[in-house]
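Report on one structure; see the data block that follows.
The values are calculated or read from the model by the stated rules, or taken from the named source; none is laboratory data. The structure presented is a predicted model; accordingly, all values stated were derived computationally and were not measured. Virtual Cβ from ideal backbone geometry, glycine too; neighbours counted across all protein chains shown. Heavy atoms of the whole protein, side chains included, go into the accessibility calculation; ligands, DNA and RNA do not. Shrake-Rupley method; radii C 1.70, N 1.55, O 1.52, S 1.80 Å.
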Amino acid sequence: MPAVFLKDRSLLLVSGAEAQSFLQNLITTDITSLGADEARPGALLTPQGKILFDFMIWQDGDGYMIETEAGQRDGLLKRLTMYKLRAAVTLAPGTEDGVTVSWGEDAEGVRDSQGVRDSRFAKAGVTLTRRAGRHGDGKEALYDALRISHGIVTSGSDFALQDAFPHDVLMDFNGGLSFRKGCYVGQEVVSRMQHRGTARRRVVTVSAATALPETGTEITAGGKPVGTLGSVEGGNGLAIVRIDRAGAAMAAGTPLLAGETPVSLVLPAWSGLVFPTSGDEASA
């Protein structure tokens, strides 16, 4: 399988004696349990609990490397600097541009040369590694097709920053959201959503017998909105939908449409979620 260079990813290094405690008190990820060769998703939230910045994070020597979309890096650096105050922390852009992702046999080949395993794909039974810099020339469409097939979203293509809660993008299942580590920005809101079971918007994979319409197309049931189409590769795509509405429509036999195209929706198997057919929260 290929090694794909993602040119639109950038890196930010957080180091210093207090790097761990600094990040632990800010972001959604529990980094105290982060494995040495593991990359986990994470986010810095607004006080209202919505995703302000999203990223992958892994250990880098005595510090942490944060991988985010290139357009987010400077804003994230500025926001972290605002929180830094007198903490013994150094914040600096990474020395390399872009990230290479490898999976299958190629992933095994880079693990001993500083590749880290992406925990989101591990949940789906796929060994995929991430590595700073350019180390392959596979087409990005191959990576997009892989993450679409496993229900793994990315901001920009699949959801807008400051519009989605961590639950919306399955961070409560993929290792990116901790409910045990204590306070961080936005923690009270997401904890309340978890304990009350109020999460209704969820990631689904979308399929059609023909090519799907473009990203941003509304998905409807009986003329009423259910969600919005995100990443698309041919007849397959991702969307964040109201699973209570989608579940009710499927139970009633009401067609689901992306624009004018009939579609089928499936919740990622690794999440353990099912579509509710009543007012109850989806659960395994």
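Here are the numbers for this structure:
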| quantity | calculated |
| --- | --- |
| Any pair with Cβ under 8 angstrom, 6 or more apart, that starts in segment 236-265 at a residue that is at positive phi and modelled with pLDDT under 95 and ends at one that is part of a strand (DSSP E or B) and open to solvent by 50 Å² or more (accessible area, probe 1.4 Å) | none |
| VAL203 being touching a helix residue (DSSP H, G or I) at 6+ places or on another chain (Cβ under 7 Å), in contact (Cβ under 8 Å) with a residue 24 or more places away in the chain and closer than 16 Å to GLU260 by Cβ | no |
| Odd one out for ARG202, checked against (1) part of a strand (DSSP E or B); (2) open to solvent by 20 Å² or more (accessible area, probe 1.4 Å) | (2) |
| ALA208 vs. criteria farther than 20 Å from PRO41 by Cβ and open to solvent by less than 30 Å² (accessible area, probe 1.4 Å) | yes |
| Meets criteria (modelled with pLDDT under 95 and open to solvent by less than 40 Å² (accessible area, probe 1.4 Å)) for ALA221 | no |
| Selected residue [touching a Phe, Trp or Tyr at 6+ places or on another chain (Cβ under 6 Å) and either charged (D, E, K, R) or crowded, with 16+ Cβ neighbours inside 10 Å (or both)] from ALA124, ALA164 | ALA124 |
| Options SER119, SER33: the member that is more than 17 Å from the chain's Cα centre (by Cα) and on the phi < 0 side of the Ramachandran plot | SER33 |
| Check on THR90, surrounded by 20 or more Cβ atoms within 10 Å (Cβ to Cβ), modelled with pLDDT of 95 or more, in contact with a strand residue (DSSP E or B) (Cβ under 6 Å, 6 or more places away or on another chain) and not aromatic (Phe, Trp, Tyr) | no |
| When residues of segment 68-93 are limited to those that are in contact with a helix residue (DSSP H, G or I) (Cβ under 7 Å, 6 or more places away or on another chain) and aliphatic (A, V, I, L, M), the one farthest from TRP58 (Cα to Cα) | ALA87 |
| Hits in segment 1-57 (condition: hydroxyl-bearing (Ser, Thr, Tyr), within 25 Å of VAL101 (Cβ to Cβ) and in contact (Cβ under 8 Å) with a residue 60 or more places away in the chain) | SER10, SER15, THR28, THR29 |
| Residue within segment 227-234 that is of a type outside the set (S, T, N, Q), surrounded by 19 or more Cβ atoms within 10 Å (Cβ to Cβ), under 22 Å from VAL274 (Cα atoms) and in contact (Cβ under 8 Å) with a residue 40 or more places away in the chain present | yes |
| Contacts under 9 angstrom Cβ, first residue in segment 68-97 being more than 19 Å from ALA132 (Cα to Cα), partner hydroxyl-bearing (Ser, Thr, Tyr) and exposed (fewer than 14 other Cβ atoms within 10 Å of the Cβ), 6 or more apart | none |
| Selection from segment 6-61 of residues that are among the small types (Gly, Ala, Ser) and either under 21 Å from GLY182 (Cβ atoms) or at pLDDT 95 or above (or both) | SER10, SER15, GLY16, ALA17, ALA19, SER21, SER33, GLY35, ALA39, GLY42, ALA43, GLY49 |
| Those residues of segment 266-284 which are at pLDDT 95 or above and under 13 Å from GLY197 (Cα atoms), in sequence order | LEU273 |
